[in-house]
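The values are calculated or read from the model by the stated rules, or taken from the named source; none is laboratory data. This structure is a prediction, so every number in the text was calculated from the model and none was measured. Glycine gets a Cβ as well: all are built from the backbone with ideal geometry, and neighbour counts include every protein chain shown. Surface areas here come from the heavy atoms of the whole protein model, side chains and all, with no ligands, DNA or RNA. Shrake-Rupley method; radii C 1.70, N 1.55, O 1.52, S 1.80 Å.
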Amino acid sequence: RQAAGGALTPSSGSPVALEPYALLSVVDQKRLRCQKLLTTYCYDFIHLFEIAVGAAWEKASAADPSLSAPAEKVVATELVLSPDGSCVVPLEAPCKPGSNKIGMIAWDVTLYTPEFPAGRTIIVIANDITFMQGTFGPLEDLVFERASQFARELGVPRIYMAANAGARFGLSEAVKKCFRVQWVGGDDPAKGIAYLWLTDKDREALGDAVVTERVDAPPSDEDEDEAEEPPVRFHNKITAIIGKEEEGGLGVESLQMAGAIAAETSIANREIFTLSYSTARNIGIGSYVLRLGQRVIQQLPLSPLLVAAERVHHPGAPVTLVASSR
């Protein structure tokens, strides 16, 4: 309603602040992305542990009034790779959620429960599905492997909160910014791609990130219209893309490390208690480590374990891809 002075006021009569709504924080944006995938933001799992332990104390106290819950029920310390990558070490300053630079997070967690009031330690590993779709790159695999090894050293349970898109495959960002396309039919994309190529300038700038083969450039109508620069007579045809070191693995490296965490999970399952919680879809190596850990809880109905894809062909029928899930 409108007051006598012309200022807008709610029915209570208090003034209305004409200010824009605050934008979502980085963490809230990530939580929203997780919500759309029907899962939970990885950093919120620690709070959920606190709620669960608190509920356990309430139930125990109701049955035995002499029990007294501790003030601090869960203590969690984030673990990060050591400078040489040989192990995980406690993070000196608490990490601000959402500021992580890789998509795998690990914690050293102590739970003060009614069964273990003196505290019980577990190692928690979680995918950050908001980071590059939760894919496993070499650094993600290394955090997973080192955190699992740390759990074995301590002889404590290893809990894996899984929500991922499998091993990371991609194209070098540096190459994506400058490669050019030679079409089969000149300038007609409908006829397909003959090859990808680079100019001499881009080839020199990329250095060892690509392997090229020098080929004659097909004649082009653009050559005749070029007035300021001479026409391109040769193409540096791309035959292999290595990528740059800082890009963190584009394919082969991810597969190599995926094998390492599969082996580590198999060892951990024999030596310590392993438990995995599938909170959303898991693909490829993300499903294999769940299976190798033996004990898996699935959040139904939308947390499939997409294990493999195989090519199936029947005579007289089109080729199809069949994905097996569990």
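See the values below:
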read-out	value
Per-residue ³J(HN,Hα) for the stretch 203-219, Karplus 6.51 cos²θ - 1.76 cosθ + 1.60, θ = phi - 60°, Hz, x for Gly and Pro	4, 5, 5, 6, x, 7, 6, 9, 10, 10, 10, 7, 10, 5, 7, x, x
Solvent-accessible area of Glu72 with every protein chain in place, 1.4 Å probe, in Å² to the nearest 10	120
Under 5 Å, built H, 5+ apart or other chain: amide partners of Met161	Ile125, Ala126, Asn127, Tyr277
Given charges at beta-carbon only (K, R positive; D, E negative), |dipole| of the stretch 97-148 in Debye	100
Ser25 paired with Leu48, simple spin-label distance in nm, labels 7 Å along Cα-to-beta-carbon	2.0
HN-Hα J in Hz across the stretch 171-176 - Karplus 6.51, -1.76, 1.60, θ = phi - 60°, x for Gly and Pro	10, 3, 4, 5, 6, 4
Cα pair distances in the stretch 50-199, grouped into 5 Å bins until the bin that holds the longest one, percent each	2, 8, 13, 14, 13, 11, 9, 7, 6, 5, 4, 3, 2, 2, 1, 1, 0
5 angstrom amide H check on Gly166, placed H, neighbours 5+ away	Phe136, Ile283, Gly286
Solvent-accessible area of Lys237 with every protein chain in place, 1.4 Å probe, in Å² to the nearest 10	60
Long-range amide H partners of Val184 with built H, under 5 Å	Gly192, Ile193, Ala194
Karplus-derived HN-Hα couplings along the stretch 255-272 (A = 6.51, B = -1.76, C = 1.60, θ = phi - 60°), whole Hz, x at Gly and Pro	5, 4, 6, 4, x, 5, 6, 5, 5, 4, 5, 4, 5, 4, 5, 7, 9, 9
Cross-link partners of Lys30 among lysines (Cα-Cα below 29 Å; sequence separation of 8 or more within a chain)	Lys73, Lys96, Lys101, Lys176, Lys177, Lys244
Trypsin sites (Lys or Arg not before Pro) lying in DSSP loop within the stretch 51-128, provided at most 10 other Cβ fall within 10 Å	Lys101
Extended-chain gain in nm, criterion 0.36 nm per residue less alpha-carbon gap, Glu72 and Val184	33.6 nm
